[in-house]
Amino acid sequence: MSQNVVNPYRYSAPTVPIAFDSQSYAVTTTNGTTLTTDITIADNDNRILIVSAGSYNLSPTIDTITFGSQSLVQINTKLQQSDGRCDLWYLSNPTVSTDTITCTWDSTAGRRGLGGLAFYNVNSSPIGVTNEESSNTGSTIEGTITPTTAGSMIIDGMLWLTGTSPSLSLTAGYAVNMSNGSADRAVGMQYDLSPTIDSANAMEYTSAEGAGWAWCGVEILT
(Lines give C-alpha, C1' and ligand atoms only; values in the text may rest on other atoms or scores of the structure.)
Protein backbone atom coordinates (compact mmCIF):
# COMPACT_ATOMS: atom_id res chain seq x y z
CA MET A 1 0.00 0.00 0.00
CA SER A 2 1.40 3.36 -0.99
CA GLN A 3 1.22 6.39 1.23
CA ASN A 4 1.26 10.08 0.45
CA VAL A 5 4.05 11.76 2.35
CA VAL A 6 3.68 15.45 3.13
CA ASN A 7 6.92 17.33 2.70
CA PRO A 8 7.36 19.46 5.84
CA TYR A 9 9.74 21.79 3.98
CA ARG A 10 7.36 23.83 1.91
CA TYR A 11 8.79 25.82 -0.96
CA SER A 12 8.44 29.57 -0.75
CA ALA A 13 9.21 31.64 -3.81
CA PRO A 14 11.96 34.17 -3.13
CA THR A 15 10.95 37.77 -2.71
CA VAL A 16 11.66 39.85 -5.80
CA PRO A 17 13.81 42.81 -4.72
CA ILE A 18 12.43 46.33 -4.98
CA ALA A 19 14.05 48.11 -7.92
CA PHE A 20 14.48 51.73 -8.99
CA ASP A 21 12.69 53.02 -12.09
CA SER A 22 13.03 56.79 -12.54
CA GLN A 23 13.19 60.20 -10.87
CA SER A 24 12.35 63.83 -11.58
CA TYR A 25 12.30 67.13 -9.68
CA ALA A 26 11.66 70.85 -9.98
CA VAL A 27 12.45 73.87 -7.79
CA THR A 28 11.49 77.54 -7.86
CA THR A 29 12.37 80.67 -5.89
CA THR A 30 9.02 82.33 -6.60
CA ASN A 31 5.88 82.28 -4.48
CA GLY A 32 2.89 80.32 -5.76
CA THR A 33 0.33 77.60 -5.16
CA THR A 34 1.41 74.91 -7.67
CA LEU A 35 4.60 73.27 -8.89
CA THR A 36 5.01 70.57 -11.55
CA THR A 37 7.55 68.10 -12.92
CA ASP A 38 7.25 65.36 -15.55
CA ILE A 39 8.28 61.76 -14.87
CA THR A 40 8.28 58.58 -16.96
CA ILE A 41 6.84 55.40 -15.40
CA ALA A 42 7.99 52.18 -17.12
CA ASP A 43 5.90 49.04 -17.60
CA ASN A 44 7.00 47.07 -14.52
CA ASP A 45 5.01 45.00 -12.04
CA ASN A 46 3.81 46.37 -8.69
CA ARG A 47 4.81 49.98 -9.27
CA ILE A 48 4.92 52.88 -6.83
CA LEU A 49 5.53 56.61 -7.19
CA ILE A 50 6.76 58.46 -4.09
CA VAL A 51 6.70 62.25 -4.10
CA SER A 52 8.26 64.72 -1.68
CA ALA A 53 7.32 68.41 -1.66
CA GLY A 54 8.81 71.21 0.43
CA SER A 55 8.10 74.91 0.85
CA TYR A 56 9.80 77.74 2.72
CA ASN A 57 8.08 80.63 4.54
CA LEU A 58 4.35 80.68 5.21
CA SER A 59 4.55 76.86 4.81
CA PRO A 60 0.90 76.13 4.00
CA THR A 61 -0.34 72.56 3.86
CA ILE A 62 -0.65 70.63 0.60
CA ASP A 63 -4.17 70.12 -0.78
CA THR A 64 -3.37 67.58 -3.49
CA ILE A 65 -0.58 65.89 -5.38
CA THR A 66 -1.50 64.21 -8.65
CA PHE A 67 0.20 62.19 -11.38
CA GLY A 68 -1.82 62.98 -14.48
CA SER A 69 -5.40 62.29 -13.39
CA GLN A 70 -4.39 60.00 -10.49
CA SER A 71 -4.35 61.31 -6.91
CA LEU A 72 -1.58 60.50 -4.45
CA VAL A 73 -2.07 59.73 -0.73
CA GLN A 74 -0.17 61.55 2.01
CA ILE A 75 2.28 59.45 4.03
CA ASN A 76 3.48 62.09 6.51
CA THR A 77 4.34 65.77 6.93
CA LYS A 78 6.65 67.81 9.17
CA LEU A 79 6.73 71.53 9.93
CA GLN A 80 9.89 73.32 11.08
CA GLN A 81 8.42 76.09 13.23
CA SER A 82 6.67 78.33 10.67
CA ASP A 83 9.63 78.49 8.29
CA GLY A 84 9.56 75.24 6.34
CA ARG A 85 7.45 72.15 5.68
CA CYS A 86 8.22 68.77 4.09
CA ASP A 87 5.73 66.12 2.90
CA LEU A 88 5.87 62.56 1.55
CA TRP A 89 3.03 61.19 -0.65
CA TYR A 90 2.62 58.00 -2.68
CA LEU A 91 0.67 56.39 -5.53
CA SER A 92 0.38 52.64 -6.00
CA ASN A 93 0.49 51.40 -9.60
CA PRO A 94 0.80 54.74 -11.38
CA THR A 95 -0.20 54.60 -15.04
CA VAL A 96 2.58 53.50 -17.38
CA SER A 97 3.26 56.78 -19.16
CA THR A 98 5.18 60.03 -19.18
CA ASP A 99 2.98 62.46 -17.28
CA THR A 100 3.03 65.41 -14.91
CA ILE A 101 3.32 65.41 -11.13
CA THR A 102 1.39 68.44 -9.85
CA CYS A 103 1.58 69.65 -6.24
CA THR A 104 -1.08 72.14 -5.11
CA TRP A 105 -0.75 74.03 -1.82
CA ASP A 106 -3.85 75.36 -0.04
CA SER A 107 -2.49 78.93 -0.15
CA THR A 108 0.57 80.79 -1.42
CA ALA A 109 3.81 78.99 -0.57
CA GLY A 110 7.30 80.45 -0.56
CA ARG A 111 10.31 78.89 -2.26
CA ARG A 112 9.20 75.42 -3.29
CA GLY A 113 10.65 72.08 -4.33
CA LEU A 114 8.97 68.96 -5.71
CA GLY A 115 10.43 65.57 -6.57
CA GLY A 116 9.30 62.08 -7.47
CA LEU A 117 11.03 58.69 -7.32
CA ALA A 118 9.48 55.62 -8.95
CA PHE A 119 10.12 51.98 -8.02
CA TYR A 120 8.62 48.55 -8.71
CA ASN A 121 8.22 45.11 -7.07
CA VAL A 122 6.55 46.67 -4.01
CA ASN A 123 3.76 45.33 -1.82
CA SER A 124 0.11 46.10 -2.62
CA SER A 125 -0.03 47.66 0.87
CA PRO A 126 3.36 49.35 0.64
CA ILE A 127 3.62 51.66 3.65
CA GLY A 128 5.61 50.41 6.62
CA VAL A 129 7.28 52.33 9.44
CA THR A 130 7.28 56.14 9.22
CA ASN A 131 9.18 58.88 11.04
CA GLU A 132 9.33 62.69 11.03
CA GLU A 133 11.97 64.97 12.54
CA SER A 134 12.95 68.65 12.53
CA SER A 135 15.45 71.05 14.08
CA ASN A 136 15.89 74.79 14.41
CA THR A 137 19.54 74.55 13.35
CA GLY A 138 22.27 72.16 12.32
CA SER A 139 24.84 71.41 9.62
CA THR A 140 23.62 67.80 9.39
CA ILE A 141 20.16 66.41 8.83
CA GLU A 142 19.94 62.94 10.35
CA GLY A 143 16.54 61.34 10.27
CA THR A 144 16.30 57.66 11.11
CA ILE A 145 14.08 54.80 9.93
CA THR A 146 13.95 51.37 11.62
CA PRO A 147 12.46 49.02 9.00
CA THR A 148 10.85 45.85 10.33
CA THR A 149 10.22 43.75 7.20
CA ALA A 150 12.88 41.81 5.29
CA GLY A 151 13.36 43.07 1.76
CA SER A 152 11.91 46.52 2.41
CA MET A 153 13.50 49.79 1.31
CA ILE A 154 13.62 53.21 3.00
CA ILE A 155 13.15 56.64 1.45
CA ASP A 156 12.99 60.21 2.74
CA GLY A 157 12.39 63.84 1.81
CA MET A 158 13.69 67.09 3.30
CA LEU A 159 13.32 70.87 3.20
CA TRP A 160 16.40 72.77 4.48
CA LEU A 161 16.94 76.47 5.05
CA THR A 162 20.67 76.13 4.38
CA GLY A 163 22.26 78.61 2.00
CA THR A 164 24.92 76.21 0.72
CA SER A 165 24.55 73.08 -1.37
CA PRO A 166 23.73 69.96 0.66
CA SER A 167 25.33 66.60 -0.08
CA LEU A 168 23.85 63.11 0.31
CA SER A 169 25.27 60.49 2.63
CA LEU A 170 23.62 57.66 0.69
CA THR A 171 24.35 56.95 -2.95
CA ALA A 172 20.84 57.19 -4.36
CA GLY A 173 18.52 60.16 -4.72
CA TYR A 174 19.11 63.85 -5.21
CA ALA A 175 19.64 67.14 -3.39
CA VAL A 176 19.16 70.47 -5.14
CA ASN A 177 19.04 74.15 -4.20
CA MET A 178 16.33 76.71 -4.89
CA SER A 179 18.66 79.46 -6.04
CA ASN A 180 17.85 83.11 -6.63
CA GLY A 181 21.33 84.16 -7.68
CA SER A 182 23.01 82.48 -4.76
CA ALA A 183 22.45 79.17 -3.00
CA ASP A 184 19.23 79.61 -1.04
CA ARG A 185 17.18 76.80 0.51
CA ALA A 186 17.41 73.14 -0.44
CA VAL A 187 15.19 70.12 -1.06
CA GLY A 188 16.17 66.49 -1.41
CA MET A 189 15.17 62.84 -1.46
CA GLN A 190 17.33 59.77 -0.97
CA TYR A 191 16.70 56.05 -0.67
CA ASP A 192 18.33 52.77 0.34
CA LEU A 193 17.20 49.54 -1.33
CA SER A 194 18.94 47.32 1.26
CA PRO A 195 18.67 48.91 4.71
CA THR A 196 19.51 47.05 7.90
CA ILE A 197 16.30 45.51 9.23
CA ASP A 198 15.36 46.11 12.89
CA SER A 199 18.05 48.77 13.24
CA ALA A 200 17.93 52.56 13.07
CA ASN A 201 19.16 53.55 9.61
CA ALA A 202 20.40 57.15 9.41
CA MET A 203 19.38 59.17 6.36
CA GLU A 204 21.84 62.07 6.35
CA TYR A 205 22.48 65.29 4.48
CA THR A 206 25.40 67.58 5.28
CA SER A 207 26.13 71.23 4.57
CA ALA A 208 28.80 73.80 5.40
CA GLU A 209 26.10 75.99 6.93
CA GLY A 210 23.83 75.21 9.87
CA ALA A 211 20.14 75.97 9.47
CA GLY A 212 16.67 74.74 10.38
CA TRP A 213 15.18 71.76 8.55
CA ALA A 214 12.15 69.47 8.27
CA TRP A 215 12.45 65.76 7.36
CA CYS A 216 10.10 62.84 6.65
CA GLY A 217 10.94 59.17 6.11
CA VAL A 218 9.14 55.91 5.35
CA GLU A 219 9.70 52.18 4.91
CA ILE A 220 8.34 50.74 1.65
CA LEU A 221 7.41 47.06 1.80
CA THR A 222 8.08 44.36 -0.76
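The values are calculated or read from the model by the stated rules, or taken from the named source; none is laboratory data. Not measured: the values here are computed from a predicted model. In this analysis, Cβ positions are derived from the backbone assuming ideal geometry, glycine residues included, and neighbour counts consider all displayed protein chains. These accessible areas exclude ligands, DNA and RNA; they are computed on the full protein's heavy atoms, side chains included. Shrake-Rupley method; radii C 1.70, N 1.55, O 1.52, S 1.80 Å.
Just a few scattered comments:
- In units of the rule-of-thumb radius 2.2 N^0.38 Å, segment 107-222 shows an alpha carbon radius of gyration of 1.08.
- Residue-normalised accessible area of segment 18-102, expressed per residue, 1.4 Å probe, Å²: 43
- With eigenvalues of the C-alpha gyration tensor scaled by 5 and rooted, segment 52-169, Å: 24, 20, 12
- Shown for the chain: the carbon plus sulfur share of the solvent-accessible area, taken with all protein chains present and a 1.4 angstrom probe, equals 44%.
- The local environment of residue 180, defined by Cβ-Cβ distances under 14 Å, has a net charge of +2 under the rule Lys, Arg +1 and Asp, Glu -1.
- Take segment 124-222 with all the other protein chains still there, run a 1.4 Å probe, and you get 36 Å² of accessible area per residue.
- Cα pair distances in the chain, grouped into 10 Å bins until the bin that holds the longest one, percent each: 9, 35, 33, 14, 4, 3, 2, 1, 0
- Cβ-derived FRET efficiency at R0 22 Å, residue 174 paired with residue 144, nearest 0.05: 0.60
- Distance between segment 48-96 and segment 115-177 - C-alpha centres, whole angstrom: 13
- Spatial extent of segment 9-91: Rg and Dmax, with the Cα atoms as the point set, Å: 16.7, 61
- Amide proton proximity set for residue 59, modelled H, under 5 Å, gap of 5+: 110
- Dipole in debye (nearest 20) - the chain, about Cα centre, beta carbon charges: Lys, Arg +1; Asp, Glu -1: 120
- At the residue level, residue 111 shows approximately 50 square angstrom of accessible surface with a 1.4 angstrom probe and all protein chains present.
- Within-15-Å neighbourhood charge of residue 93 [Cβ basis; K, R +1; D, E -1]: -3
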